[in-house]
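Throughout, read-outs are computed from the coordinates displayed, never taken from laboratory work. None of these values were measured; they are calculated from a predicted model. So basically every Cβ, Gly included, is an ideal-geometry build from the backbone, and we count neighbours across all protein chains shown.
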Amino acid sequence: MLGANKKPAYVGSNKIMFLKKGLDIRIKGEAEKKFIEEVTVENFAVQPGNFRGVVPIPKVVVNPGDKVKAGDLLFYDKKRPELKFVSPVSGTVKVVNRGLRRSIKEIVISKEGGMEYKKFDSPDIDKVSREELVDFMLESGVWPLIKQRPFDLVPDREVIPQNIFVSTFDSSPLAPDYNFIIKGKEDIFQKGLDVLAKLTEGKVYLGLDANKKDTPSDAFTKAKGVEKTFFKGPHPSGNAGIQIHHLAPIRGENKVWTIGIQEVVTIGNLFLNNIYDASRIIALVGEDVETPGYINTYLGADIAESVRVCLKDTKCRVISGNVLTGETKEYGEFVNAFDYMISVIPNGNYFESFGWFIPQKTRPTFSKTFLSRWINPNKKYSVDTNTHGQERAFVATGIYKEVLPMDIYPVHLMKAILAGDIERMEGLGVNEVAEEDIALCEFICPSKQEFQAILRDGHRMMIEQG
């Protein structure tokens, strides 16, 4: 990483934000910039639970055994029938799995042979009205790929966002390299940005990485029709929520949208090639991966098929997403729709005697317990799932604000949520933060409080209040 306050030459005349607060967690198992050709995935799933704001029991229009093409309708939301979800691959509907209270957990499609795509009649974005554009995106199934903040919901069709934000880098532990992912898709990415620009009366903000020596991809630095800002600083500098806070914060009743780079590519492909292309490049990372690297796959890939040939230990913890915010997955489950990585780390089911007094194993930490943090700040650690303690009294401490580069008081907000004080929650910024933004607070918490789960409850209360 470059010097903390040094502006890289490639930034040029573009705006740059220097963030001092945060924490880079360096662990072993970063993906090499190459594809793992041995991985073959046959089963894919669309999981309604990945899309917030969708009813738990949508209207399913397919049955096991039905043949589908990529882009064919699978189900739609009962409260918002215009909100449609389509198949990421062509093949046969394998099963419709149900969860608690008969909710739809996932619809599994078994991919067969070469890809067949449903053809769409994409409008000319230079001539189409915004209303017609929204209708087409809803019909084609790309609308749910956008998230609306506050609360990361699937957007309402009537809402015109104040701004749209696209972060072009990930600063989380073992994060995939977005420059590698976007390679060869520059024109498609630009087309997706052009479409997004038609959906807002404000700006499309592009957050770029200024932490590395290498210049970001031309797809990002040469993007047109967007407001480019470089961010330099530790994690969570790559989070869209942090970038929103520093560029154009959410105020009052305003709504903003966020979208990932591969989702932008999916939208671009729809308007360039008239197909719903849900292809994804996923990083397989972590100490328990034999050769960490990337796989070419599609949205909702089968976890077991994705990692089977790459594991050192079958008893490890497999996570869809990064180790701070990801979801533990069992074999037979699927990568979540918005995740670009699968993290695999050892399970930590051991007891460290007197670990609170004399820690026996070095680990990434925010505290000053280990001299290695100061002597060798770039050291990469072996980590496991051991929490090194259990939940205890939620003590007041000022350490949380040191890893959250936002003008928010995390302890006060969490306690307001625990108390169910809606007015206080709103005043303390519950609408501005997403779970990923406060994940580091949970990581360093001496009280072992589950910040993300608490914030999720706060968001639920706010949504119920309307």
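Things worth noting here:
- Cα-based convex hull volume of the stretch 43-111 per residue, rounded to whole Å³: 73 Å³
- All other residues whose Cβ lies under 10 angstrom from that of Lys415 are scored, Lys and Arg at +1 and Asp and Glu at -1, for a net of 0.
- Karplus-derived HN-Hα couplings along the stretch 295-307 (A = 6.51, B = -1.76, C = 1.60, θ = phi - 60°), whole Hz, x at Gly and Pro: 10, 8, 8, 9, 3, x, 5, 5, 4, 4, 5, 6, 10
- The relative contact order of the stretch 397-446 comes to 44 percent, based on Cα pairs under 8 Å that sit 6 or more residues apart.
- Full extension of the chain segment joining Lys78 with Arg26 gains 14.3 nm, where the gain is 0.36 nm per residue of separation less the Cα-Cα distance.
- Peptide packing: for 407-414, 123-130, 93-100, the average count of neighbouring Cβ atoms within 10 Å per residue gives the ranking 407-414, 93-100, 123-130, highest mean first.
- Cα-based shape type of the stretch 387-465, given that a ≥ b ≥ c are square roots of the gyration tensor eigenvalues and the cut on a/c is 1.5: prolate
- Gyration tensor verdict on the stretch 124-192 (Cα atoms; rounded if a/c is under 1.5, prolate if a/b is larger than b/c, oblate otherwise): oblate
- Placed amide H near Arg317: partners under 5 Å, 5+ positions off or other chain: Ile345, Asn347
- Listed peptides 35-42, 302-309 by packing density, highest first (mean Cβ within 10 Å): 302-309, 35-42
- D (Stokes-Einstein, µm²/s), Kirkwood Cα radius, the stretch 153-302, 0.692 mPa s at 37 °C: 202 µm²/s
- Working from Cα pairs under 8 Å separated by at least six residues, relative contact order for the stretch 142-200 is 29 percent.
- In sequence order, the stretch 128-141 has phi-based couplings of 6, 7, 4, 4, 5, 5, 4, 4, 5, 5, 5, 5, 8, x Hz under the Karplus curve 6.51 cos²θ - 1.76 cosθ + 1.60, θ = phi - 60°, and Gly or Pro positions carry x.
- With Cα atoms, 0 to 90° folded angle of helix 451-465 axis to the chain main axis: 50 degrees
- Amide proton proximity set for Asp72, modelled H, under 5 Å, gap of 5+: Ser87, Lys118
- Centroid-to-centroid separation of the stretch 65-88 and the stretch 267-294 [C-alpha atoms, Å]: 21 Å
- For the residue pairs Lys6/Lys228; Lys7/Lys185; Lys59/Lys203; Lys67/Lys127, the alpha carbons lie more than 25 Å apart in Lys7/Lys185; Lys59/Lys203; Lys67/Lys127.
- Expected-Rg normalisation [2.2 N^0.38 Å, Cα atoms] applied to the stretch 215-307: 1.37
- Nearest-ten-degree value, helix 261-273 long axis tilted from longest Cα axis of the chain: 10 degrees
- Shape call, the chain: gyration tensor on alpha carbons, a/c limit 1.5: rounded
- When peptides 437-448, 332-343 are sorted by average Cβ neighbour count within 10 Å, with the highest value leading, the order is 332-343, 437-448.
- With contacts taken as Cα pairs under 8 Å at a separation of at least 6 residues, the chain carries a relative contact order of 19 percent.
- Calculated FRET efficiency for the pair Lys33/Glu253, C-beta based, R₀ 51 Å, to 0.05: 0.70
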